[in-house]
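Presented below is the structure to which this report refers.
A short reminder: the numbers here are calculations on the coordinates, not readings from a lab. What you see is a predicted model, and the numbers here were worked out from it, not measured in a lab. Here Cβ is always computed from backbone atoms with ideal geometry, including for glycine, and neighbour counts include all displayed protein chains.
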Amino acid sequence: MGKDTKDTKFMLALYDMANERGDIYMPISRYEVGKKIALQDRGVNAICKLLVQANFIRKEDEELVYLTEHGFSLVKNLRKLS
């Protein structure tokens with residue numbers, strides 16, 4: 001995954017939003033994340049489908065998504081977090 005792809009931006013934004021709320025695994029509205037990175041709902045749905053298949057995120061329900069351990073590892077690699 002490249003650094004500036006929409007999926008990468010989505011993952012980083014999801015992490016940031018959950019982290020700001022105090023729990024990196026907190027379910028967040030996929031559309032709220034999409035708004036943050038200027039992505040339309042159709043794009044959000046397409047990206048979420050791919051990220052779920054890759055096991056980077058899981059769905060809580062039709063709207064809420066959250067990071068998996070695998071997704072957090074990806075974010076750490078992208079951000080070079082310790």
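In debye, nearest 20, what is the charge dipole magnitude of the stretch 6-79 about its Cα centre with +1 on Lys and Arg Cβ and -1 on Asp and Glu Cβ, if you could check? Could the numbers behind the result be given before it?
Details: 12 positive and 11 negative charges, 66 e Å.
Dipole size: approximately 320 debye.
Mind scanning LYS6/LYS49; LYS36/LYS80; LYS35/LYS76 and naming the pairs with a C-alpha gap bigger than 20 Å? As for pairs spanning more than 20 Å Cα to Cα, those are LYS36/LYS80; LYS35/LYS76.
Taking a temperature of 10 °C and a viscosity of 1.306 mPa s, what whole-number D in µm²/s does Stokes-Einstein yield for the stretch 14-82 with Rh from Kirkwood over alpha carbon pairs? Calculated translational D: 132 µm²/s. May I ask which residue of VAL44, VAL75, GLY22 lies farthest towards the positive end of the charge dipole of the chain, with charges of +1 (Lys, Arg) and -1 (Asp, Glu) on Cβ and the Cα centre as origin? Working it through, the farthest residue towards the positive pole turns out to be VAL75.
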